[in-house]
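Trainee: This is the structure, below, for whatever I ask next.
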Amino acid sequence: MKVIDDILADAAHIAALRRDIHAHPELSFQEVRTADVVAQQLSQWGIEVHRGIGTTGVVGVLRNGTSQRAIGLRADMDALPVQEVNTFDHASQHAGKMHACGHDGHTAMLLAAAKYLAHHKPFDGSVYLIFQPAEEGGGGAFEMMRDGLFERFPMDAVFGMHNWPGLALGSFALSPGPVMASSNEFKITIHGKGCHAAMPHNGLDPVPVACQLVQAFQTIVSRNKKPLDAAVISVTMMHAGAASNVIPDSCELQGTVRTFTVGVLDMIESRMREMSAQMCAAFGLHCEFTFDRNYPPTINDPQAVEFARGVMTGIVGASQVLTQEPTMGAEDFAYMLQAKPGAYCFIGNGDGDHRAVGHGEGPCTLHNPSYDFNDDLIPLGGTYWVELVRQWLAQPT
């Protein structure tokens, strides 16, 4: 593994920044202190800073030489509404908030690269360092774009990276095409007629209809799409009634749909809407159906992937650049990849052995209250960003 010596030498300082951010987590669009830390460090290193993009987003700008080529590097900054169970010194100081997905580490890796790029300028062109708010359901990437991210900072391509527990430290994973799913939510309210539970013939019970819908939705996945097209329909909430002897007036279903293509998503939404209306009508009931499309699928550009793979191979060797298995998790970096070519990769976070003392009993997995980012990734992630910049901007215009 070939990491840059100066980044390795500075890793303890960057790790201290990471742990400070971890101890002070902020939720989506509330990343004021985190943005202050990022902006202060960038300014200290002589980097041009722009703030308030997408509410709390920060963009650092570095220019060198005469090339018109430009590249964007993105890290997310927000935390999750999770109660941390770790007790080590840098555990969250804010109840109910935690960096349980490693965005503190993503910010740190980009800061490590920013410092080296600012001091050494091993590139010809422009680098845009994108510190994004509100990835966890807030659509911060979209909000930054709506604030003119790509118009104010015109870049040829944009790249993102996420730590991946279970993937060995010192390895990357990368693939072309869809690598993360679209994220969508539905809510169905079935309206019936309440009555005494001992006299069901006097009412219209919405609960059996809701139960049949839960089962029927799975036939969309198994019978309405091609078997090779991945999709998930999960009903995760069912709310009805308040007393054991009363048939309720209504029953509410909520859940999520995940797909890798918009075509499959269109079909699923249409079928769910039809099934809901027709199933309710068959029992003499009616329903309200809402379907919200949150994040689109994250789709990597094949050429950008091959370029990034070459950069990774030069750092860790071909055997440590693995195939990125698509996940049904979602990522709002997808919006940026809809607008610009680029690639989103995974970097191995290990199996949790880095949590020597003070960690909770749970596994070191994403969105788990026992999770912690592995600081040993900082030199590797920083090196990848630097080498990606250097080699991408060295290409002919």
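All of the numbers you see were taken from the coordinates with simple rules; none came from a lab. These numbers were taken from a predicted model, which means no experiment stands behind them. Note that we place each Cβ from the backbone using ideal geometry, even for glycine, and neighbour counts take in every protein chain shown.
Trainee: Per residue of the stretch 35-49, what does 6.51 cos²θ - 1.76 cosθ + 1.60 with θ = phi - 60° give for ³J(HN,Hα)? Whole Hz please, x for Gly and Pro, Karplus curve as stated.
Mentor: Running phi through 6.51 cos²θ - 1.76 cosθ + 1.60 with θ = phi - 60° gives 4, 4, 4, 4, 5, 5, 5, 4, 5, 4, 8, x, 9, 5, 10 Hz.
Trainee: Can I ask one more? Please list, in order along the stretch 158-175, the HN-Hα scalar couplings obtained from phi with the Karplus expression 6.51 cos²θ - 1.76 cosθ + 1.60 (θ = phi - 60°), rounded to whole Hz, x for Gly and Pro.
Mentor: Karplus-based 3J(HN,Hα) across the stretch 158-175 equals 9, 10, x, 8, 9, 5, 9, x, x, 8, 4, 4, x, 10, 10, 9, 7, 8 Hz.
Trainee: Still on this structure: Could you tell me whether the stretch 258-397 comes out rounded, prolate or oblate from its Cα gyration tensor? Rule is a ≥ b ≥ c as square roots of the eigenvalues, rounded for a/c under 1.5, then prolate if a/b exceeds b/c, otherwise oblate. Please list the in-between numbers first.
Mentor: Values: a/c = 3.53, a/b = 1.61, b/c = 2.20.
Note, shape of the stretch 258-397 comes out oblate.
Trainee: While we're looking at this one, here's another question. Hey, can you rank 336-344, 98-106, 46-54, 241-249 by average C-beta count inside 10 Å, highest first?
Mentor: Ranked by mean Cβ neighbours within 10 Å, highest first: 98-106, 336-344, 46-54, 241-249.
Trainee: Can you bin every Cα-Cα distance in the stretch 183-295 into 5 Å intervals starting at zero and give me the percent of pairs per bin, rounded to whole numbers?
Mentor: 2, 12, 23, 21, 16, 11, 7, 4, 2, 0
Trainee: Over the stretch 221-357, calculate the relative contact order: mean separation of alpha carbon pairs under 8 Å at least 6 apart, over the residue count, as a percent.
Mentor: 19
Trainee: Follow-up question, since we're still on this one. Would you please state the base-10 log of I(q)/I(0) at q = 0.10, 0.11, 0.13 1/Å for the chain, with intensities from the Debye formula using one equal scatterer on every alpha carbon?
Mentor: Summing over Cα pairs of the chain leads to -0.70, -0.82, -1.05.
Trainee: Right, next: If each Cα of the stretch 316-371 is one equal point scatterer, what is log10 of I(q)/I(0) from the Debye formula at q = 0.24, 0.26, 0.30 Å⁻¹?
Mentor: At q = 0.24, 0.26, 0.30 Å⁻¹ the computed log10 ratios are -1.06, -1.10, -1.21.
Trainee: Report, by chain and number, residues whose modeled amide H sits under 5 Å from the one on GLY317, excluding near sequence neighbours (fewer than 5 apart, same chain).
Mentor: Correct list: empty.
Trainee: Still on this structure, please answer the following. Can you find, among LEU27, ASN64, TRP164, the residue sitting farthest towards the positive end of the charge dipole of the stretch 20-167, where Lys and Arg contribute +1 and Asp and Glu -1 at Cβ?
Mentor: ASN64
Trainee: Hey, another quick one. Would you work out the relative contact order for the chain, in percent, from Cα pairs under 8 angstrom that are 6 or more residues apart?
Mentor: Details: 924 pairs, mean separation 99.6, N = 397.
Answer for the chain is 25 percent.
Trainee: Along the three principal axes, how long is the stretch 153-216 when you take its alpha carbons, biggest first, rounded to the nearest angstrom?
Mentor: Principal extents (largest minus smallest coordinate, Cα): 65, 35, 18 Å.
Trainee: Separate question: Nearest 20 debye, what's the magnitude of the dipole of the stretch 183-295 about its Cα centre given +1 on Lys and Arg Cβ and -1 on Asp and Glu Cβ? Each step should come with its number before you reach the end.
Mentor: Values: 9 positive and 10 negative charges, 63 e Å.
It comes to approximately 300 debye.
Trainee: Also, quick follow-up: If you take every DSSP beta bridge whose two residues both sit in the chain, what share of them, in percent to the nearest 5, is antiparallel? The partial results should precede the final answer.
Mentor: Values: 47 of 69 bridges.
Restricted to the chain, the bridges split so that about 70 percent are antiparallel.
Trainee: Using the Kirkwood formula on the Cα atoms of the stretch 1-117, what hydrodynamic radius do you get, in angstrom to one decimal? Intermediate results must be reported in sequence, preceding the final value.
Mentor: Values: mean 1/r = 0.0662 Å⁻¹.
By the Kirkwood definition, the hydrodynamic radius is 15.1 Å.
Trainee: Shifting gears a bit: Restricting to Cα pairs below 8 Å that are 6+ residues apart, what does the relative contact order work out to for the stretch 183-295? Please round to a whole percent. Don't skip to the answer; put the middle values down first.
Mentor: Working: 212 pairs, mean separation 49.1, N = 113.
Over the stretch 183-295, the number comes to 43 percent.
Trainee: ³J(HN,Hα) across the stretch 344-356 via Karplus (A = 6.51, B = -1.76, C = 1.60, θ = phi - 60°), whole Hz, x for Gly/Pro?
Mentor: 3J(HN,Hα) across the stretch 344-356, in whole Hz: 10, 10, 10, 10, x, 9, x, 9, x, 5, 5, 7, 5.
Trainee: Among the aspartates and glutamates, which have Cα under 20 Å from the Cα of LYS225 when same-chain residues fewer than 8 positions away are ignored?
Mentor: GLU185, ASP266, GLU269, GLU274
Trainee: Skipping prolines and chain starts, which residues have an amide H placed within reach, meaning under 5 Å, of the one on MET180, given they are 5 or more residues away or on another chain?
Mentor: Residues meeting the amide H criterion: THR298, THR327.
Trainee: Run lengths n ≥ 4 of DSSP H only: what is the helix-derived mean residue ellipticity at 222 nm for the chain, with -39500 (n - 2.57) per run over all residues, to the nearest 500?
Mentor: -11000 deg cm²/dmol
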